[in-house]
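Shown next, in structure tokens, is the structure this report addresses.
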Amino acid sequence: MHQPHAEPRRSIYYPYQVFDAWLPTQHPEPQRHPVVIAGAGPIGLVTALELARHGVNSVVLESEQQVCEGSRAIVFTRRSMEILQQAGVADRVTANGLPWRFGNSYYRGQRVFRMEGPHDPDDRFFPMINLQQQYLEEYLVDAANAHPLIELRWGNRVNAVEQGGGRARVEADTPAGPYTLEADWLVAADGARSAIRTLLGLKLEGASYEGRFVIADIRVDLPLPTERLAYFDPEWNPGNTILMHREPHGIWRVDYQLPADETPEQALSPESLKTRIDAQLAMIGHAGVPWEMDWSSVYSARTLTLPDYRHGRVLFTGDAAHLLPIFGVRGANTGFQDAQALAWRLALVARGVSPEALLATYSAERVAAAREIIDEAGKSTRFMTPPSRGFRLLRDAVLSLSLTQPFVGPLYHWRTSRPHEYTHSALNSAGDDNALFKAGPAHGAPPQNVRLAADDFLLDHLDHSFALLYVTDAPAMPEPLMDVVNTCRAQGLPVRVLAITGQQPGAVQPVAGADDTLADASGHLRQRYGLRGAGGAYLLRPDQHVCARWMTLDATRLRAALSTAAGLATTAQPTGA
């Protein structure tokens, strides 16, 4: 029988709650579930919440009975916040997190590079926000518990998976013993040590780097801003790198690289931790300041991915699908994009609206995204932890030159996580006007947010549907376009129509047929999206990425674009993103 840790984890700032285990002896088990999700970490919970927004039930199995141990992922990007806004928890993250936009690199006591994250009035969220993962998981658990389509089963560990007959059969172990449940689809969101990946005998492809880092979360009072701090080749840790981040509740994250011959056990000894952290605090001018340890761990930099994220009835997402270096905050932030990209497709397939082939486009797009991220992350990793004498010579030359030559500063840039653009996705329209646009997000790009009023942004008006943004000065949407929209809705395809008008905010006359009417008297939205006049339009997928745009839209092209984007067009074959 599975016996998860039943005592609250230790923390000097976070009050852990132990949830009751779900026991098969207390609940009748239905014959079959539409979706079972393994893992109640951030990625699994976002997947469940996204599926629920599409009207699809899921059961979430979590082997533990409490949220994660330690702060783990602490930096969330603007795009992640936009996804978390859709999941319903962004307000809590904003209220409790620490936003920031600058990163600093130091060498021999001199700042040699200052990174600035882009931020303008059209952005609701900052480029980055720091919050410990326990809090994010807590917010997501609360959201999941509040949704009637999500069942969260604590203390349930996946022991075995069988496939056949168009379903997945899962054996879950609990404190009361094992039981079996069946699902049309199984989502593996069970993390870096994915049991499901092991059970299916799947291997990740890519590289693992020899450099190891200690993560140490300490409570300490430092009069420093919320900015990323990176220190290269310090005297107390020659040839290596140290990173520091401020976290809420007086906590600071200190990451430092270990010498090649030091074991994790040696590195995590209290004596070693105290010596290194005292040395780091002294180096930044705060020798002797009192501090208290909360949590520490050791990690290695890895750039690995599965070559395919679908295996029969099993779909992989997050760290179960790929392992990315911590440099550039890529792990959880990439996983959120996985979850969003998977959920809308899986929902359409689970509801019988789209064929299973649509799921192949999820794998194609997200594997391509992972490989692009791995290429970028590899550059950062080789700079932070040179894997050979040649790379070290190059890195040391950059360090030396940076003291007097500003042009080498950008080589310190950590290539922060960013949303992937599915430029060549099979779901993009082949018959639109994408090539004619001079501005705005192109095929496969994520949306550009636009401030419509003081606290009103374009992305606030999007939901789980395909979104048709249509420019008009008429009192009603064109009837042929609405015929297409209504036909698609009758077939189960969710479509939301947003009319963009030149009306003044506060005095908007709704456009008949549109689900929402957006006032754009200044023309700012139309300018940002490169829309020149009435009849111009964008079609956004449910994950908000652009799949079509037109200078002038007609019903035939709208019908074709929606069919392609939903995987219904016979010509839409899965390709790399």
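Rule-based calculations on the coordinates, nothing more; no lab input. Given the structure is predicted, the values throughout are model-derived calculations rather than measurements. Every residue, glycine among them, receives a Cβ derived from its backbone with ideal geometry; neighbour counts consider all protein chains shown.
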Each residue of region 121-131 in order: what ³J(HN,Hα) in whole Hz does its phi give by Karplus 6.51 cos²θ - 1.76 cosθ + 1.60, θ = phi - 60°, with x for Gly and Pro? x, 7, 9, 6, 10, 5, x, 9, 9, 9, 7
Please arrange 252, 185, 100 by counting, for each residue, the other beta carbons lying within 10 Å of its beta carbon, fewest first. 100, 252, 185
How much FRET efficiency would the formula 1/(1 + (r/R0)^6) give for residue 486 and residue 111, where r is the Cβ-Cβ distance and R0 is 60 Å, rounded to 0.05? 0.50
Which of the DSSP-defined H helices in the chain satisfy a minimum axial length of 30 Å, computed from C-alpha atoms, and a minimum mean Kyte-Doolittle hydropathy of -0.5? 358-384
Among bridges DSSP assigns within region 434-565, what percent are antiparallel (round to 5)? 50
Distance between region 139-182 and region 258-329 - C-alpha centres, whole angstrom: 29
Exposure proxy ranking, count of Cβ atoms within 10 Å, fewest first, for 399, 553, 200: 200, 399, 553
Show me, for region 450-460, the HN-Hα J-couplings you get by feeding each phi into the Karplus relation (A = 6.51, B = -1.76, C = 1.60, θ = phi - 60°), rounded to Hz, glycine and proline as x. 9, 6, 9, 7, 3, 10, 9, 10, 3, 5, 5
Can you list the HN-Hα couplings for region 294-305, worked out from phi with the Karplus curve (6.51, -1.76, 1.60; θ = phi - 60°), rounded to whole Hz and with x for Gly and Pro? 9, 7, 8, 7, 10, 9, 10, 7, 9, 10, 9, 8
Cα lying deepest toward the dipole's positive end in the chain, options 5, 27, 273, charges on Cβ: 273
With n ≥ 4 as the cut-off for DSSP H runs, can you work out [θ] at 222 nm for the chain, using -39500 (n - 2.57) per run divided by the number of residues, rounded to the nearest 500? -8500 deg cm²/dmol
When only C-alpha pairs under 8 Å and at least 6 residues apart count, what is the relative contact order of the chain, in percent? 14
The size of the Cβ-based charge dipole (Lys, Arg +1; Asp, Glu -1) of the chain about the Cα centre, to the nearest 20 debye, is 1220
Provide 116, 372, 421 in ascending order of the number of other Cβ atoms located within 10 Å of each residue's Cβ, fewest first. 116, 372, 421
Considering only DSSP beta bridges where both residues belong to the chain, give the percentage that are antiparallel (nearest 5). 70
